[in-house]
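Quick notes on the structure that follows.
Quick note: the coordinates plus some simple rules give every number you see, no bench work behind them. As the structure is a computational prediction, the values presented were derived from the model and not from experiment. A quick note on method: Cβ atoms are made from the backbone with ideal geometry, for glycine too, and the neighbour counts reach across all protein chains shown.
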Amino acid sequence: MPTETPNPYRLLPSVEAALRSPEVVALEPPVGRELLQAFVAAELEAWRRAIQAGELDAAGVAERVERGALAAAVAGRVAEEAGRGVVPAINVSGVVLNTGLGRAPMHPEVAARMAAVAQGYCVLEVDRFSGKRNQRDERLSELLQRLTGAEAGIAVNNNAAAAMLVMHTFAFGREAIVSRGELVEIGGSFRVPDVMRSANAKLVEVGATNRTRIADYAGAITPETGLLMKVHPSNFRQIGFIEEVPPGEIADLGTEHGVPTAWDLGSGRVEHPTAGPLDRVGDETEVAEAVASGIGVVTFSGDKLLGGPQAGLLVGKKEAIAALRKNNLYRAMRLDKVALAGLEATLEMLLGGRGDQLPTRALLRATRDEVRPAAEALAADLEGAPFATVDVVEDRSEPGSGSAPGTYLDTVCVRVTSTAVRPGELARRLRSGAPAVFARVQSDALWLDPRTLLPGQHEGLVAAVRSALEA
Ligand SMILES: *Cc1c(COP(=O)(O)O)cnc(C)c1O
């Protein structure tokens, strides 16, 4: 008589029993009981489906139970859960201002100031010498004045908010004149005409896509005009037969007709005599230059070329900034203590002669020869990795975030090819590992660009790449 084959379903532990096993109990703290139970149930359900499909028999189930495969699989799900959300990452994509990776990395001292105010109370809306209530961005405004030559400054959540605040303050229910060549979309969710509509401003387009003259602006001014606005086309560049109106002429036209003027600069190139210039990012207008043109309000991002935390900075004429401050929307867009502390610390470093130490500035300014030693050290430490060929190749990095369209930075990369793992799969393993690593896949290889590698990340990167290469 043949022995009866045992029923594999009977050998599966129940969810309750699994949740009592010490190996599974130990996994509870980071995720909590409810999620742990869901992970156990999902894993057991996967085993049940494997039995149903004939891929797992009783012996297989017994073997899995014996070696603790359930707890191991649940541990994998717990680890993945712990790595979700906003966690640190290593950027070897070579894109310096990578929006997907949080744009500007902070200097350790700046990060420490931010952490210090986050952890406790701080002096935010009180002058501690007089004891009187003050504006939270009073200090920031002073620093912005010193850096840009503007009469006043104010800060909001990001530059999209800054542009919205400008349109809403000066052109709500009125007309805003913009050149057709500047009605751009930036980064998918910021479209000048759409922001205008949200601010309840009536967009008046002037000129042609490639040419706009001052007479076009002048001819469009009516008693309903609330704003003359210039927008930096950022990630979009025109070449050939083009003509743009000099900002000084727009400023003069505004003054002549009593109409406010604004310029959304976007990337906001800020220079200081003690810091090396950001001349490698092309011919970006400097904030100080834009202010000097006489335009009423100039807006730019805190986390693009300036290299600070996410913010929208608005600098310009005293009355214009005061009008922005009076708008109810400012209250809804204002910065929190952490971002403010980070911005102050960033600007203080720049004004105090330490601008070259700001990570974003240093990464944008590094020459190919300055990147090379990091690439060579990386290649040397990856030598002998399983199934891999590693070489050092010249390539180009990008400033990113539309801060200098069509501009590239000469760099040196480490190219990794594996006979066992496809480059796309290598990139996936690196992204989902700990630490998370973001590299480039191009020309059928994995490219690591050390331009964006920060101090202290070399060892972790080497270990991550070596482990991803294990077949
Ligand atoms: C980047 C950019 C924005 C959006 O700025 P955020 O700080 O990302 O909100 C708006 N306008 C221009 C011209 C830009 O370059």
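Here the 3J(HN,Hα) profile of the stretch 379-388, calculated from phi with Karplus coefficients 6.51, -1.76 and 1.60 at θ = phi - 60°, is 4, 4, 6, 9, 4, x, 5, x, 6, 10 Hz, Gly and Pro shown as x.
Provide the percentage of antiparallel DSSP beta bridges, counting only those with both residues in the chain; round to the nearest 5. Here the share of antiparallel DSSP bridges comes out near 55 percent. Beyond 32 Å in Cα-Cα separation lie the following of the pairs LYS202/LYS317; LYS230/LYS326; LYS132/LYS230: LYS132/LYS230. Centre-to-centre separation between the Cα atoms of the stretch 383-449 and those of the stretch 96-170: 35 Å. Note on SER432 and ARG280: the extension gain reaches 51.4 nm, defined as 0.36 nm multiplied by sequence separation minus the Cα-Cα distance. Eigenvalues of the alpha-carbon gyration tensor of the chain, scaled by 5 and square-rooted, set the equivalent ellipsoid semi-axes at 52, 27, 23 angstrom, largest first. Once the trypsin sites (Lys or Arg not before Pro) in DSSP loops with at most 14 neighbouring Cβ atoms within 10 Å are cut out of the chain, the longest remaining piece is 238-471. Our analysis of the stretch 252-326 gives Rg over Rh at 1.01, with the two radii drawn from alpha carbon positions and Rh computed by the Kirkwood formula.
The alpha-carbon of LYS337 sits under 12 angstrom from the alpha-carbons of these aspartates and glutamates, leaving out residues fewer than 8 places away in its chain: GLU125, ASP137.
Sites listed here are GluC sites (Glu not before Pro) in the stretch 1-106 whose DSSP assignment is loop and whose Cβ has at most 10 other Cβ atoms within 10 Å: GLU4, GLU55. Under a 5 Å amide H cut-off, with hydrogens placed 1.01 Å from N, ASP395 pairs with THR411, VAL412, CYS413 among residues at least 5 apart or on other chains. Only Cα pairs under 8 Å and 6+ residues apart enter the sum, and on that basis the relative contact order of the chain stands at 19 percent.
Around the amide H of ASP264, modelled in the peptide plane, lie the amide H atoms of LYS230, VAL231, HIS232, THR299, all under 5 Å away and 5 or more residues distant in sequence or on another chain.
Summarising the label geometry, the points placed 7 Å from Cα in the beta-carbon direction at HIS458 and ARG20 lie 5.4 nm from one another. In order along the stretch 457-464, the Karplus-derived 3J(HN,Hα) couplings, from 6.51 cos²θ - 1.76 cosθ + 1.60 at θ = phi - 60°, round to 9, 4, 4, x, 5, 4, 4, 5 Hz, and Gly and Pro are given as x. Loop only by DSSP, 12 or fewer other Cβ within 10 Å of the Cβ. Give me the chymotrypsin sites (Phe, Trp or Tyr not before Pro) in the stretch 234-337 that pass, ordered by residue number. Listed in order of number, the matching sites are PHE241. The charge dipole of the chain, taken about its Cα centre with unit charges on the Cβ of Lys, Arg, Asp and Glu (plus for the first two, minus for the last two), comes to roughly 1040 debye. Near LEU19, once Lys and Arg are set to +1 and Asp and Glu to -1 for all other residues with Cβ below 13 Å from its Cβ, the sum equals -3. With both residues required to sit in the stretch 76-218, DSSP beta bridges show an antiparallel share near 40%.
Of the residues TYR408, TYR121, the one with the fewest other Cβ atoms within 10 Å heads the list, and the complete ranking is TYR121, TYR408.
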